[in-house]
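Below is one structure, written out as structure tokens; the observations come after it.
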Amino acid sequence: SDSTSTGAPSDDASDAASLESVLLPVITEQMEQMQIPGLIVVVQTPDRGSYEVALGVADVETEEPMALDMHVRIGSNTKTMTATVVLQLVQEGELGLDDPLAPYFPGVDTNEATVREALNMTSGIPTYSTDPFLNRLADDPAKIWTSDDLFATIAGRPHSFPAGEGWEYSNTNYLMLGLIAEQHGGASLGELITDRLFTPLQMSGCSMPAPDDPTLPSPSPRGYQYSTLWDPEASPPGPVLPLVDVTDINPSWGFGAGEAICTAADMVIWAEALVSGELLDETMQDERFDFVTGGSLPYGLGIGDFGGLIGHNGQISGFQTQVTSRATDGTVIVVLANVTQAPDLQLPATTLSALISRAIAAG
């Protein structure tokens, strides 16, 4: 089941139709290959119109179709929002990018790292979301995680490297940045992100849930996960394990690193604002785009470069998403999947975004 529509005026209908004829086969083939239950894709180009489609099911039990206006968890796309609030506070003189983290977290070993090093993942502070932690989530899905709980999971763990001398993706950085934003912004992170980002940009489908709220606003899909007990060496690879519904795992553990909820339409607005620098001054936007290389991807201040697609991706119980704008021509590609990962552990939205970009290469 799919619903398609285009955001383009009628004289662009042929552009949109040609976009659909190029993209739909790529998307459906990959969807089948990665066993993605449901998918929302929006592609907005500067010269070939726009294409948006919802495919597959929102609920494997009822077979309710996926719809374009559904709210999904965007996972680590939240980091781009937390980073923007922190950068605004720096711009306002509340704190400095090169301020140390230590004074904010007296009980935590912050590895002599700075705010900037937390933003660009060079702090060397280990992540709290390790495999054992994710197993605990599955065992206690209703648990409301406090910052103290999360810091406790890294207590006594060694640093990955001296601050500034390596790169490692760590959710702990964005736990800290969210708490720093609250301290200087004088409100909860949810309120700060809502007041400073969602409201001015009219992202009306976005929200930061209260810590005790595991629900998604309606309409929304269920979110699924394949167990990771998977043998890629078997011939054929398998067995394929049943999909587990993990929609209601409390996302409080995500906080500034991953708990926001949005619609695809809002993510298009966000992809454009993030890359154009609509919410920051020019100096601060330049700081944001100071990419550190040498890690698994070039990474700025809460923003990544996925092979020329600039933005972020996200992975949280039941959902995998990517929200990017192409550096060469500003094409926006938003992909939202209601599964955490494919059975072979590949990331559906991230894989699809690259395939879509390749299918409509600029020029």
Report task. Would you please list the contacts, defined by Cβ atoms under 7 Å and residues six or more apart or on different chains, that run from a residue in the range 179-196 that is farther than 19 Å from Asp148 by Cα to a residue that is at pLDDT below 95 and open to solvent by 50 Å² or more (accessible area, probe 1.4 Å)? Result -> none
Report task. Taking the options Ala67, Ala54, name whichever one is of a type in the set (Gly, Ala, Ser), open to solvent by less than 60 Å² (accessible area, probe 1.4 Å) and assigned to a strand (DSSP E or B). Result -> Ala54
Report task. Kindly provide the set of residues from the range 206-222 that are surrounded by 19 or more Cβ atoms within 10 Å (Cβ to Cβ) and within 14 Å of Ala260 (Cβ to Cβ), ordered by number. Result -> Cys206, Ser207, Met208, Pro209, Leu216, Ser220
Query raised in the report: Taking the stated definitions as given, is Ala83 buried (at least 16 other Cβ atoms within 10 Å of the Cβ) and either over 18 Å from Phe255 (Cβ atoms) or among the acidic types (Asp, Glu) (or both)?
Result: no
Query raised in the report: Taking the condition touching a strand residue (DSSP E or B) at 6+ places or on another chain (Cβ under 9 Å), at pLDDT 95 or above and not in a helix (DSSP H, G or I), does Pro221 pass?
Result: yes
**Report entry** Residue list for the range 274-286, restricted to those being open to solvent by 50 Å² or more (accessible area, probe 1.4 Å) and of a type outside the set (Ser, Thr, Tyr)
**Finding:** Glu278, Asp281, Glu282, Asp286
Query raised in the report: Quick one: would you say Thr130 is of a type outside the set (Lys, Arg), in contact with a Phe, Trp or Tyr (Cβ under 6 Å, 6 or more places away or on another chain) and open to solvent by 10 Å² or more (accessible area, probe 1.4 Å)?
Result: no
Requested in this report: Among the residues of the range 179-213, write down those that are out of contact with any helix residue (DSSP H, G or I) (no Cβ under 7 Å at 6 or more places or on another chain), hydrophobic (A, V, I, L, M, F, W, C) and assigned to a loop (DSSP other than H, G, I, E, B).
Outcome: Ala187, Ala210
Query - Count of the range 134-178 residues which are surrounded by fewer than 17 Cβ atoms within 10 Å (Cβ to Cβ) and either in contact with a Pro (Cβ under 6 Å, 6 or more places away or on another chain) or in a helix (DSSP H, G or I) (or both) - result: 10
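Considering only residues that are farther than 25 Å from Val90 by Cα and in a loop (DSSP other than H, G, I, E, B), which ones fall in the range 114-133?
Tyr128, Ser129, Thr130
Each row is one residue, and each column tells you yes or no for (1) closer than 30 Å to Thr215 by Cα; (2) open to solvent by 10 Å² or more (accessible area, probe 1.4 Å); (3) of a type outside the set (S, T, N, Q).
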{"position": "Gly302", "(1), (2), (3)": "yes, no, yes"}
{"position": "Gln315", "(1), (2), (3)": "yes, yes, no"}
{"position": "Gly318", "(1), (2), (3)": "yes, no, yes"}
{"position": "Thr321", "(1), (2), (3)": "yes, no, no"}
{"position": "Thr328", "(1), (2), (3)": "no, yes, no"}
{"position": "Val334", "(1), (2), (3)": "yes, no, yes"}
{"position": "Gln341", "(1), (2), (3)": "yes, yes, no"}
{"position": "Ser353", "(1), (2), (3)": "yes, no, no"}
Requested in this report: Hey, can you tell me all the residues within the range 252-284 that are assigned to a helix (DSSP H, G or I) and either farther than 23 Å from Met208 by Cβ or of a type in the set (Gly, Ala, Ser) (or both)?
Outcome: Ser252, Gly256, Ala257, Gly258, Ala264, Ala265, Ala271, Ala273, Ser276, Glu282, Thr283
Report task. Could you identify the single residue in Asn111, Asn120 that is in contact with a His (Cβ under 6 Å, 6 or more places away or on another chain) and either charged (D, E, K, R) or open to solvent by less than 70 Å² (accessible area, probe 1.4 Å) (or both)? Result -> Asn111
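The values are calculated or read from the model by the stated rules, or taken from the named source; none is laboratory data. As the structure is a computational prediction, the values presented were derived from the model and not from experiment. Cβ atoms come from the backbone with ideal geometry, glycine included; neighbour counts cover every protein chain shown. In case anyone asks, the SASA skips ligands and DNA or RNA and just uses the protein heavy atoms, side chains included. Shrake-Rupley method; radii C 1.70, N 1.55, O 1.52, S 1.80 Å.
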